[in-house]
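Down below is the structure, laid out as structure tokens.
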Amino acid sequence: MGATMTHDFKSMTTLLAKQKAAHLRDGEASAETRVGRIDRCIGLLIDNRSAIEEALNNDFGSRSREATAFTDVAGSIGPLKFARDHLRKWMKTERRGTTPAILGLFGAKAEVRYQPKGVVGVISPWNFPINLTFTPLAGILAAGNRTMIKPSEFTPATSALMATMFGGAFSDEEIAVVTGGPDVGQAFAGLAFDHMIFTGATGVARHVMRAAAENLTPLTLELGGKSPVIIGRSADMATAAARIMNGKTLNAGQICLAPDYVLTPADTLEGFVDHAQASVRKMFPTIKDNPDYTSIVAQRHYDRLTGYVDDARAKGARVIEMKPEGEDLAQQEHRKIAPTLILDPTDDMKVMQEEIFGPILPVMTYRSITDAVSYINQHDRPLGLYYFGDDAAERETVVNGTTSGGVTVNDVIFHVVQENLPFGGVGPSGMGSYHGHDGFKEFSHRKAVFTQMKKDIGPLLQIRPPYGAGIRKYLDGEMKR
């Protein structure tokens, strides 16, 4: 069935050519074909739930099975079902008005047809390797495309499992998985896809974009950045702290949309700390041997994160590690880091200069909401932004006064699961967007089709030489303000 081995550039080029030839041979996929492909994907997730949980647990060292089922399995089935149930409507030709409108009165037509782009390349990351492969597939398959997938080498067990799963359910003319290290990934990015989606770090995205530029391959980049949280004075602090810490500890903070730092009024800092500690104690009575608490995926990331804490402490920050008394996380089988608050950080600390991607949360204070907005606007535009509070005017100041990929009000991360909203970044946090109907459009070619009226009538004749009074009258009318 599907291609599942490690490939070199030549074999990947051959595989891409095979998919492109199949696309031309079979023509545009029918709604039934698209639904069938999506249903096969849903079946793969349901049938392989236990294997997916086991593979991700092995790759991370320790990863919550329930969190995997929630985020990677069920979190992928939902978008696939949504696309399956709506794609027939999305596929319909969209009628548009003609310009000038009089042409339409005489039989001219303007319309947009949504055409499959062809073959879409998917480069998926290690943090949610199943979800961030299957969720893009919802839009890719709904739009009638074929696809080649390059999963992350940092989750080898999960990548191998995906290769086996897809290989057993799809021909390599439909979906093919290519595994391998950074050299394979770089070669993959240089293939002449009809579209490519990359999810990962901004630094790697620059290399992907350079490689794609050789073929002028259109890109969707889902990146990250430092997604801020603003807590307003009107916020319920207990609820805000609990929701923020839930978002920060899910997958041990290894989420592109994880709250990266908090801005709270100066006189509410200690209240936030107290409520954050209480919420963590409730969620995780223990950490070291708790299967609900996820490990850091690799030693280099563990070292990076502990380095942030050491650097902040050395530069004068107050550090609060939220772990049960008596637990020594220095002596452990896996790479677990306790939820950690860094209070009153400064911009010279590494933790405030780079995306954290772990369970460390800097907490800053502000005097006025305009100060908080100004601080955010002095930095790169983030993937997400979060505001807590019931003050409508203040909320609008934050939402309208900042630019981010998306916003969740009175929670964190949740805008990503709204299938009726586009998901994507802006500037350094990404380009393009997908999910739901927006995903269908992202992976479709919107073809403009204009059908002219059958007969040559006066207006059409007037715009041809020899020019006379008719066109001069028309131009005089157009030149008015």
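Brief remarks follow.
- Identity of the residue in the range 39-93, in a loop (DSSP other than H, G, I, E, B) and either among the aromatic types (Phe, Trp, Tyr) or touching a helix residue (DSSP H, G or I) at 6+ places or on another chain (Cβ under 6 Å) (or both), that ends up nearest to residue 135 (Cα to Cα): 48
- Selected residue [modelled with pLDDT of 95 or more, farther than 16 Å from residue 224 by Cβ and open to solvent by 70 Å² or more (accessible area, probe 1.4 Å)] from 446, 464, 472: 446
- Lone qualifier among 230, 255 - being outside any helix (DSSP H, G or I), in contact with a helix residue (DSSP H, G or I) (Cβ under 9 Å, 6 or more places away or on another chain) and open to solvent by 10 Å² or more (accessible area, probe 1.4 Å): 255
- Residues considered: 454, 441. Of these, the only one that is more than 20 Å from residue 81 (Cα to Cα) and either touching a residue at least 60 places away in the same chain (Cβ under 8 Å) or aliphatic (A, V, I, L, M) (or both) is 454.
- Some residue of the range 261-280 being under 28 Å from the mean Cα position of the chain (by Cα), of a type outside the set (A, V, I, L, M, F, W, C), buried (at least 23 other Cβ atoms within 10 Å of the Cβ) and under 18 Å from residue 355 (Cα atoms): no
- Which listed residue is among the acidic types (Asp, Glu), assigned to a helix (DSSP H, G or I) and either open to solvent by 30 Å² or more (accessible area, probe 1.4 Å) or in contact with a strand residue (DSSP E or B) (Cβ under 6 Å, 6 or more places away or on another chain) (or both), from 292, 310: 310
- Condition check for residue 126: modelled with pLDDT of 95 or more and outside any helix (DSSP H, G or I): yes
- With respect to being touching a Pro at 6+ places or on another chain (Cβ under 7 Å) and either over 29 Å from residue 255 (Cα atoms) or hydroxyl-bearing (Ser, Thr, Tyr) (or both), residue 50 falls outside the description.
- Within the range 15-26, the presence of a residue that is under 27 Å from the mean Cα position of the chain (by Cα) and either farther than 27 Å from residue 143 by Cα or not in a helix (DSSP H, G or I) (or both) is excluded.
- Total residues in the range 449-481, condition over 29 Å from residue 112 (Cβ atoms) and either small (Gly, Ala, Ser) or assigned to a loop (DSSP other than H, G, I, E, B) (or both): 9
- Residues that are closer than 21 Å to residue 271 by Cβ and charged (D, E, K, R) within the range 335-350 comprise just one, 344.
- Any chance residue 328 is acidic (Asp, Glu), at pLDDT 95 or above and open to solvent by 60 Å² or more (accessible area, probe 1.4 Å): no
- When the residues of the range 15-30 are filtered to those that are in contact (Cβ under 8 Å) with a residue 24 or more places away in the chain and open to solvent by 70 Å² or more (accessible area, probe 1.4 Å), the one that is nearest to residue 121 (Cα to Cα) is 18.
- Tally of residues being of a type outside the set (A, V, I, L, M), touching a Cys at 6+ places or on another chain (Cβ under 9 Å), open to solvent by less than 20 Å² (accessible area, probe 1.4 Å) and assigned to a loop (DSSP other than H, G, I, E, B) across the range 175-224: 1
- Taking the criterion of being polar (S, T, N, Q), open to solvent by 20 Å² or more (accessible area, probe 1.4 Å) and farther than 23 Å from residue 176 by Cα, the residues of the range 31-70 that qualify are 57, 58.
- Summed over the range 353-375, residues that are within 25 Å of the chain's Cα centre (by Cα) and open to solvent by 10 Å² or more (accessible area, probe 1.4 Å) total 6.
The values are calculated or read from the model by the stated rules, or taken from the named source; none is laboratory data. None of these values were measured; they are calculated from a predicted model. Ideal geometry is used to build each Cβ from the backbone, glycine not excepted, and the neighbour counts take in all protein chains shown. Ligands, DNA and RNA are excluded from the accessible area calculation, which covers all protein heavy atoms including side chains. Shrake-Rupley method; radii C 1.70, N 1.55, O 1.52, S 1.80 Å.
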